[in-house]
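The values are calculated or read from the model by the stated rules, or taken from the named source; none is laboratory data. Because the structure is a prediction, the values reported are computed rather than measured. When we count neighbours, we look across all protein chains shown, and the Cβ atoms used for this are built from the backbone with ideal geometry, even at glycine. Note: areas computed on protein heavy atoms with side chains; ligands, DNA, RNA excluded. Shrake-Rupley method; radii C 1.70, N 1.55, O 1.52, S 1.80 Å.
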Amino acid sequence: MIQAQNVDCHSDFHYSRAKGYALYKAGAYTSVWSNGKPLLGVLAGNLYQIHDDFSTTFLLGSVGSNEMSYESVSDVSAEVIYFTNGTVIGKIRNGVASSLRTATGDFKANLPPGNLIRYFLGSLYVVAGKVMYISDVLNREIYDRRWGFKLFESEITLFEAVQDGFFTSDKDNTYFMQRKGSTQEVAAAPIFTLTKLCKGAVPGTGCRVENVTSPSGKTIDKGVIWVSGNTLCLGGDGGVFEEIRSDVYAVPSSRIGTSMVRKSGDLNQYITIVR
């Protein structure tokens, strides 16, 4: 089988016809996201929640047309979803959207809007161009202007967390950024080491995965899969890194993409669209 269209290839190498689709909700929605609970999307510059019956709830107006980044964080009493798109930054708690808490204290400032937002070991990380802002652990919505940031050589195109660090990329190279020391000792000023892995990642193709097996047979509990150049790449805890059969799963040269993980029965698929 050299090429197939509209079929699924299963782990035992048999094929099945892929399921079709039907239109449930009209409208040019962008930045659609879900963690299995709420479904969020942007329509005509406004942020909405889309419910199971495909009715919608207006959350926030005038967010703009930039791609929105989301991150869910489990709080004491409720899940909080943070969002940012370079123009706005905010949070959704119990179905209500609001701004971040106002910073107080010397050298403290609110996290600024960025193009990526992620949560790791008690802190929110906001990426804005080539700057990474790191929030305080005691108040994850503010950062310290003395040490709560890190500069990269160029714009960051990948930023996904595993258990002990991040897989991150600028336009030239992809790195594993590993957290060092105890979280108590370096809570104010996190310490990281950078290990270069491969060429730069294609923006939008990074996707977190769990409980997968690498091409060499290693079990990865928390991992990241992305496109780098013309190759699919897989990384895991401790900086484990492997390319995924570039001679078989070759990807066209591209400048931007989007991705998702699809699970259906015995299928566990990484799907990416690039252009």
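The table for this structure:
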item: Between region 3-68 and region 74-97, the Cα center-to-center distance that results, in Å; result: 19 Å
item: Set of lysines with alpha-carbon distance to Lys25 below 28 Å, sequence-local pairs under 8 removed; result: Lys37, Lys91, Lys263
item: Solvent-accessible area per residue, Å², over the chain with all protein chains present [probe radius 1.4 Å]; result: 55 Å²
item: Sulfur and carbon atoms: percent of accessible area, region 1-58 [1.4 Å]; result: 54 percent
item: Under 18 Å from the Cα of Lys19 - aspartates and glutamates, other chains or at least 8 residues apart; result: Asp8, Asp266
item: Segments 109-117, 142-150 sorted - mean Cβ within 10 Å per residue, highest first; result: 109-117, 142-150
item: Segments 7-20, 75-88, 161-174 sorted - mean Cβ within 10 Å per residue, highest first; result: 161-174, 75-88, 7-20
item: Cα convex hull of region 50-91, projected area averaged across orientations, nm²; result: 3.8 nm²
item: Environment charge of Asn94, counting only residues whose C-beta is closer than 13 Å and scoring Lys/Arg +1, Asp/Glu -1; result: +1
item: Local electrostatic count at Ser31 - Lys and Arg +1, Asp and Glu -1, tallied over other residues with Cβ under 15 Å; result: -1
item: Inter-probe distance in nm under a simple model that places probes 7 Å from Cα toward Cβ, at Trp147 and Asn94; result: 3.6 nm
item: Mean Cα-pair separation over length for the chain, i.e. relative contact order, pairs under 8 Å, 6 or more apart, %; result: 8 percent
item: Gain on full stretching of the segment that runs from Asp247 to Thr102 - 0.36 nm per residue minus C-alpha separation; result: 47.0 nm
